[in-house]
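The structure appears right after this line, and notes come after that.
Every read-out reported here was derived from the displayed coordinates using simple, explicitly stated rules and does not represent laboratory data. This is a predicted model, so every value here is computed, not measured.
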Amino acid sequence: MEGYCPICRKVISLSHPLCDQAEKWFHSASGKKVWRIRQLNRYAYEYVTEEEYNAMQEHSSLILSDARSWDDFDGSTFTGIDCRGERTSIFSNTP
Ligand SMILES: [Zn+2]
């Protein structure tokens, strides 16, 4: 799966190295809840923190085709605790 860099919007994935800004963003999100969302008719996923996600919902009529969240995000391994209680990658394709 592919996502947008939270800062520069370049497409990122496990096979594309992250830009410095994306690395910083993911590092700063460590310990937080991170959402992976895809807006309707957008090609790639977006990564947002819980705070950003809540703000987006308040300030726009967000229409999502997909949304998943991970608790206790780890910015060095790009994993978090998924809805099944397992630590999985935020880049993973499994539903
Ligand atoms: Zn970037």
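Based solely on C-alpha atoms, express the radius of gyration and the Dmax of the chain in angstrom.
12.4, 34
Just want to confirm a number: the relative contact order over the chain, from Cα pairs under 8 angstrom separated by 6+ residues, in percent. Working shown, then result.
On the way: 163 pairs, mean separation 25.9, N = 95.
Relative CO of the chain lands at 27 percent.
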